[in-house]
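Step one of this worksheet: look at the structure below.
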Amino acid sequence: MAERSVPSLLLITLSLLGLNLHAVEGHINAIYVFGDSTVDVGNNNYLPLLTSREAKANFPHYGIDFPTSTPTGRFSNGLNAADQLAILLGFPMSPPPYLSLTPENFTMQMFRGVNFASGGSGIHEYTGSRYKVISMAVQIQYFAMVSGIITKLMGPVGASDFLSRCLFLISTGSNDMFEYSFAKRSSRDDAMFLAGLTSTYKEHLKALYNLGARKFGIVSVPPLGCCPSQRARNHTGGCYEMLNGLSGKFYPAIGEVLQNLHSELPDMKYALGNSFSMVGSILESPKPKFKELKFACCGYGKFYGEYQCNQTFPYCANRTEYLFWDWFHPTQAASEMAAEALYGGSKKIVTPMNFKQLAENDR
C-alpha cells in the first residue's frame, strides 16, 4: 500500500507546508508551463552561457508595471500570459521559473507548479540554439525529473491522479517561424516546414502525456508578421505577409494533431487557443482599449521594432493603449485580454472547450 499512495508521514509534512495534494472539485492542482518568451517568467536569467541580451529581459524598462516595478525576466512591461491565465485559474500568478528553485523549496513548489519556459526556444531542438536557451525537449526532460519525484513520493496511482488534475500550459512555435523566415527563399518549403514542425510538436505532447499530463492548454501563434520587428522588414510598413501566411496555417495544423492525439490517448483533454484569430480581429477591428497597433511601446528604429527595448530607449506613458510592448511581445494589457479570451471565450477563439471548462472537466 505504501507504494501506491502518499505515505502518512509525507502527507502530514506536506500539509504542514501548506500543500493540498487533492484538487477541490472543478479546480486544478498545479500549473506546469512550457514554451518561449510569451510565457517565460525568468528561466533565462539563470543561463550563464546565454550571450545575447535579445534572449533576456532582466533589465529596465522590462517590468516597469510589474507589482514590484522591477525587471523579472518577463518579456513584458508587467505580467505575461502565463501570469494572467494562472490568476484566472485561482493562483497568485505563474509558478516560478524551474531554474530559480533551490533544494529547500523544490519539493514544495513542484506540487504547486513550475514554469519551464525559455525565451528564444521553439518546437525544434535547434531553434534558439545560438542563444543557448532551454529547448522544448530539455524543458520536458526537466519535467520528467519533477514527475519522477512526484511518483516516488506518491506512488504510481497517487501521482497519476495528481497530475491528471494539473494544467499543462504550452505556448511555442513563434521562434521556429521567425528563424525559418530568414532562410533563403530558394531553400524554403512551407509545406515541408509545417509538417516537420507539427510532427515534432506531436512528439512533445506524447512525451508529456507519457509523463502523466492529461490536461493540455495550448496557445497557437498570433499573426507574427504584424509584430513591430516584422513590420520593419516590410518597406511599406505593412505586416510581413510571408510570416502571417505560416502563422495562419499553423493553427489548423496543430488542431488536427490534437484531434488525432485525443482519439489515440485515453483521458487526454485539451483547449486550443486561436491566437491568430484573436490578434487578427483586434488588428482588423481595433478595440477601443488599444489605440496603437503598429508601434512598440519601447524600442528604437522603425516602428520601435528594429532594436530591443532597454533602459537607453524611450517608452510610452499610455502603455494600456498599446498592443505591443516591445519588438515582439504584447503589453500586459494585451496579455490580459488574451488570457480572458482563452479562459472564458467561445469556440471561435478556443476549442473544443475554453480553459475554464478544461480546468473543470474531470470526466
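Quick notes
- Residue-averaged 222 nm ellipticity for the chain, from DSSP H runs of 4+ at -39500 (n - 2.57), nearest 500: -12000 deg cm²/dmol
- Length gained on full extension, K184 to S199: 3.1 nm, using 0.36 nm per residue less the C-alpha separation.
- Cross-link partners of K302 among aspartates and glutamates (Cα-Cα below 13 Å; sequence separation of 8 or more within a chain): D326
- Efficiency of FRET between H27 and N260 - r from beta-carbon atoms, R0 25 angstrom, step 0.05: 0.30
- Annotation note: chymotrypsin sites (Phe, Trp or Tyr not before Pro) in segment 141-242 located in DSSP loop regions with a Cβ neighbour count of at most 12 within 10 Å are F182.
- Here each label is just a point 7 Å from Cα along the line to Cβ, and for T70 and N361 those points are 4.0 nm apart.
- Taking the chain, the Cys residues with no second Cys beta-carbon under 4.7 angstrom are C166, C227.
- Computed 3J(HN,Hα) for segment 171-181, one whole-Hz value per residue from the Karplus formula 6.51 cos²θ - 1.76 cosθ + 1.60 where θ = phi - 60°, is 9, 7, x, 4, 5, 4, 6, 4, 5, 4, 5, glycine and proline marked x.
- Cut-off under 5 Å, modelled amide H: who pairs with S121 long-range: S37
- Under Karplus coefficients 6.51, -1.76 and 1.60, residue-wise ³J(HN,Hα) of segment 87-95 in Hz, glycine/proline x: 4, 5, 8, x, 9, x, 5, 4, x
- Partner aspartates and glutamates for K184 [C-alpha distance under 18 Å; skip if fewer than 8 residues away on the same chain]: D176, E241
- Near G113, the amide H atoms lying under 5 Å from its own belong to I31; only residues 5 or more places off or on other chains count, and H is placed 1.01 Å from N.
- In this simple spin-label approximation, E54 and K347 carry label points 7 Å from Cα along the Cα→Cβ vector, and these lie 4.2 nm apart.
- Backbone phi angles across segment 216-223, fed through the Karplus curve with coefficients 6.51, -1.76 and 1.60 (θ = phi - 60°), yield HN-Hα couplings of 10, x, 9, 10, 6, 8, x, x Hz in residue order; Gly and Pro are listed as x.
- Residue pairs, from the table K249/K348; K249/K294; K206/K269; K289/K356, whose Cα atoms sit over 19 Å apart: K249/K294; K289/K356
- Contact order relative to length of the chain, as percent, for alpha carbon pairs under 8 angstrom and 6 or more apart: 18 percent
- For segment 60-167: rounded, prolate or oblate by the Cα gyration tensor [a/c cutoff 1.5]: oblate
- Computed over segment 225-363: relative contact order in percent, which uses C-alpha pairs under 8 Å that are six or more apart: 25 percent
- Taken as Cα centroids, segment 134-174 and segment 291-313 sit 37 Å apart, rounded to the nearest whole angstrom.
- Fewest-first sequence of D176, D40, D189 by Cβ atoms within 10 Å of each Cβ: D189, D176, D40
- With each label modelled as a point 7 angstrom along the Cα→C-beta vector, the T320-E104 pair spans 3.8 nm.
Here, each number is a calculation from the coordinates, and none is a lab measurement. What you see is a predicted model; the values in this text were computed from it and never measured. All Cβ positions, even for glycine, are placed from backbone atoms using ideal geometry, and neighbour counts span all protein chains on display.
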